[in-house]
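The values are calculated or read from the model by the stated rules, or taken from the named source; none is laboratory data. These numbers come from a predicted model, not from an experiment. In this analysis, Cβ positions are derived from the backbone assuming ideal geometry, glycine residues included, and neighbour counts consider all displayed protein chains.
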Amino acid sequence: EAGVAQSPRYKIIEKRQSVAFWCNPISGHATLYWYQQILGQGPKLLIQFQNNGVVDDSQLPKDRFSAERLKGVDSTLKIQPAKLEDSAVYLCASSYRIAGVSSYEQYFGPGTRLTVT
Amino acid sequence: AQSVTQLGSHVSVSEGALVLLRCNYSSSVPPYLFWYVQYPNQGLQLLLKYTSAATLVKGINGFEAEFKKSETSFHLTKPSAHMSDAAEYFCAVREGNTGNQFYFGTGTSLTVIP
């Protein structure tokens with residue numbers, strides 16, 4: 001079974017530029033998560049999708065961050081414009097649903113390390 | 001509101017010694033609790049989970065954790081450390097079976113000394 005795929009693995013941009021990250025979850029996983037992991041901290045949920053709908057985006061800085069999962073499969077997270085404090089690893093995870101509830105097992109991708117200079 | 005506290009951001013043990021990584025949580029409802037491991041430049045991998053069944057949970061790679069409701073703790077242990085255990089470990093909590101969001105601790109970096 002293929003795991004969660006993310007690209008690119010590394011990205012360096014200057015502040016005020018824009019950047020996009022891509023995630024392809026495990027086949028059949030209805031739930032997709034984007035996390036931000038700042039160095040020395042645990043992952044923080046940015047947004048959660050159920051198929052192509054947003055379940056929770058309460059911690060997404062919507063003035064600069066956006067995410068979509070148009071066909072309920074792969075997803076894109078965008079930052080525009082980037083700030084220095086956005087330097088972090090962006091992790092994508094997916095999980096399946098049982099009886100209408102997301103499984104408590106999340107499968108993580110390798111992450112995208114973003115450096116904003 | 002949920003929160004997770006991991007005591008000790010860095011832990012060093014000798015190879016073959018006991019590993020003990022501490023995790024305390026706060027939750028207003030019975031929680032689901034997890035330990036994840038993260039190797040350098042990789043995503044998180046689930047080690048074990050507590051979902052209201054047995055309080056002593058066994059996971060992969062010889063790790064286990066015990067849920068203690070009275071202490072609101074879910075400490076991770078391994079009887080004998082191996083060099084390959086060196087990694088970052090994260091404790092996480094989810095609000096029972098209906099909560100959507102996972103809350104992660106700040107992580108504990110484990111170093112194994114040969």
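Does the stretch A:78-96 hold any residues that are within 25 Å of B:Val37 (Cβ to Cβ) and either over 17 Å from the mean Cα position of the chain (by Cα) or not hydrophobic (A, V, I, L, M, F, W, C) (or both), and which are they? Before you say what the answer is, go through the steps one by one.
Start the filter on the stretch A:78-96 by keeping residues that are within 25 Å of B:Val37 (Cβ to Cβ), which leaves A:87-96.
If the condition is that a residue be within 25 Å of B:Val37 (Cβ to Cβ) and either over 17 Å from the mean Cα position of the chain (by Cα) or not hydrophobic (A, V, I, L, M, F, W, C) (or both), then A:Ser87, A:Tyr90, A:Ser94, A:Ser95, A:Tyr96 are the ones that fit.
So which of A:Thr31, A:Thr76 is on the phi < 0 side of the Ramachandran plot, facing chain B (nearest Cβ under 10 Å) and among the β-branched types (Val, Ile, Thr)?
Working: A:Thr76 fails: facing chain B (nearest Cβ under 10 Å).
None of the other options fit; the residue is A:Thr31.
Mind checking which residues of the stretch B:79-111 are polar (S, T, N, Q), in a loop (DSSP other than H, G, I, E, B) and either touching a residue at least 60 places away in the same chain (Cβ under 8 Å) or more than 14 Å from chain A (Cβ to nearest Cβ) (or both)? Talk me through it step by step, then tell me what you get.
Kept after step one, since they are polar (S, T, N, Q), are these residues of the stretch B:79-111: B:80, B:84, B:97-98, B:100-101, B:106, B:108-109, B:111.
Checking which are in a loop (DSSP other than H, G, I, E, B) leaves us with B:80, B:97-98, B:100-101, B:106.
Once the filter is applied, which keeps residues that are polar (S, T, N, Q), in a loop (DSSP other than H, G, I, E, B) and either touching a residue at least 60 places away in the same chain (Cβ under 8 Å) or more than 14 Å from chain A (Cβ to nearest Cβ) (or both), the stretch B:79-111 yields B:Ser80, B:Asn97, B:Gln101, B:Thr106.
Looking for whichever is surrounded by 15 or more Cβ atoms within 10 Å (Cβ to Cβ), touching a residue at least 12 places away in the same chain (Cβ under 8 Å), away from every other protein chain (no Cβ under 14 Å) and not small (Gly, Ala, Ser) here; the options are B:Leu76, B:Leu21. Which one fits? Let's see the steps before the verdict.
On the way: B:Leu21 fails: away from every other protein chain (no Cβ under 14 Å).
After applying the criteria, what remains is B:Leu76.
Give the residues of the stretch B:2-43 that are on the phi > 0 side of the Ramachandran plot, at pLDDT below 95 and small (Gly, Ala, Ser), sorted by residue number. Quick ask: steps written out before the conclusion?
Quick first cut of the stretch B:2-43, residues on the phi > 0 side of the Ramachandran plot only: B:8, B:16, B:41.
When the remaining residues are screened for being at pLDDT below 95, the result is B:8, B:41.
Hit for the stretch B:2-43 is B:Gly8, nothing else.
Can you name the residue in the stretch B:44-73 that is among the small types (Gly, Ala, Ser) and crowded, with 16+ Cβ neighbours inside 10 Å and is also farthest from A:Gln6 (Cα to Cα) among such residues? If you could, list the steps in order and put the result at the bottom.
Looking only at the stretch B:44-73, we keep the residues that are among the small types (Gly, Ala, Ser), and these are B:52-54, B:59, B:62, B:65, B:70, B:73.
The next check asks that each one be crowded, with 16+ Cβ neighbours inside 10 Å; those that pass are B:59, B:65, B:73.
On the way: B:Gly59: 26, B:Ala65: 31, B:Ser73: 34 Å.
Top of the filtered list is B:Ser73.
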**OP:** Counting only residues that are within 29 Å of B:Ala87 (Cα to Cα), give me the strands (runs of 3 or more DSSP E) lying completely in the stretch A:16-117 with at least 2 of them.
**Re:** A:19-24, A:31-37, A:44-50, A:75-79, A:88-95, A:112-116
Original post:
Given B:Ser52, B:Ser70, which one is among the polar types (S, T, N, Q) and within 14 Å of chain A (Cβ to nearest Cβ)?
Top reply: B:Ser52
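For the structure I just gave you, tell me whether B:Leu20 is under 11 Å from the mean Cα position of the chain (by Cα) and farther than 11 Å from B:Val93 by Cβ. Don't jump to the end; show me each part of the working.
Numbers: under 11 Å from the mean Cα position of the chain (by Cα): yes; farther than 11 Å from B:Val93 by Cβ: yes.
Here the answer is yes, as B:Leu20 does meet what is asked.
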